[in-house]
Amino acid sequence: MSIESLFSESDLAQIRETISRVEQSSAGEIVPYLVDRIDGYAEALWRAAVLGALTLALVAGASYPFVGFRGATEVPWITLPPLVGAGLGVALARLPRISRWLLADQDIDRRVQLRAEAAFLEEEVFATEARTGILLFLAVFEQRAVVLADTGIHRQVPPGTWEEVVEGMVSSVRAGRAVDAICGAIERCGEILTNHGVARKPDDENELTDRLRIRRY
């Protein structure tokens, strides 16, 4: 399934409408950004190959005395199990849940944070007159989210305030509700900005496009 297929035209329209409505009541310029994955994570495949090779080699070694192969059959008995195990390990590591299990959480967090910071620059979230841009970054494979607020918001809203937005996005995407994850985060951002006095001025203009940005690795 492609990342684009997660969203219908009505879903995308719903996201645009939610952004537009929320931005009418606050000075925030909200930019939702979704990527299918941050990295190919080759190290997960290598780890799976090693684990698979060792596992089948141990199974073969433990089984050999009972099977009783002798002579020419000993060579394939020694060489084939590690090769088959490595292949099985790589195949299993292509499943998202297993691949994530093979990776360190802190390594995933670091890569997601760096990719979110790159997206902030890529989409020029900083390019608003009052520096009130907010990036809602969601990585689907990693099941991680990041909220980055520009200086105009950061001065008025404590950084820890965004943690509940992140948790809401992650829980929704884990449940397979990507649209709810994004729209819910947009709505909550609007509430937070209003509660902290980041109000829209009469002459405020829409400076960043109201749409979901979708990127592939």
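What follows is calculated from the coordinates using simple rules that are stated; it is not laboratory data. Note that the coordinates shown come from a computational prediction; the quantities given were computed from them, not determined experimentally. Neighbour counts run over all protein chains shown; Cβ positions are idealised from the backbone, glycine included.
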Compute the Cα gyration tensor for segment 160-203, then decide on rounded, prolate or oblate, letting a ≥ b ≥ c be the square roots of its eigenvalues: rounded whenever a/c is under 1.5, prolate when a/b is larger than b/c in the other cases, and oblate in all that remain.
-> oblate
Choose one answer from G160, G40, G152: the residue with the largest mean-square fluctuation in a GNM of the chain with alpha-carbon springs under 10 Å.
-> G160
Using a Gaussian network model of the chain with C-alpha springs under 10 Å, which one of G28, G168, G176 is most mobile by mean-square fluctuation?
-> G176
Obtain the radius of gyration and the Kirkwood radius of the chain from its C-alpha atoms and give Rg over Rh.
-> 1.20
Could you please rank V166, V147, placing first whichever residue has the fewest other Cβ atoms within 10 Å of its Cβ?
-> V166, V147
Build a GNM of the chain with springs between Cα atoms under 10 Å: which of R37, R110, R16 gets the top mean-square fluctuation?
-> R110
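Is it possible to state the helix-based mean residue ellipticity at 222 nm for the chain, with each DSSP H run of 4+ residues giving -39500 (n - 2.57), the sum divided by total residues, to the nearest 500 deg cm²/dmol? What is it?
-18000 deg cm²/dmol
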Charges only on Cβ, +1 for Lys and Arg, -1 for Asp and Glu: so what's the dipole of the chain about the Cα centre, in debye to the nearest 20?
-> 1100
Quick one: work out the % antiparallel among DSSP beta bridges in the chain, nearest 5.
-> 40
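In segment 81-198, what is the volume of the convex hull around the alpha carbon atoms, normalised per residue and reported in Å³? Working shown, then result.
Working: hull volume 13.2 nm³, N = 118.
Per residue, the Cα convex hull of segment 81-198 comes to 112 Å³.
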Scan around A27 for amide H atoms under 5 Å from its own, H built in the peptide plane at 1.01 Å from N, and keep only partners 5 or more places away or cross-chain.
-> A199, R200
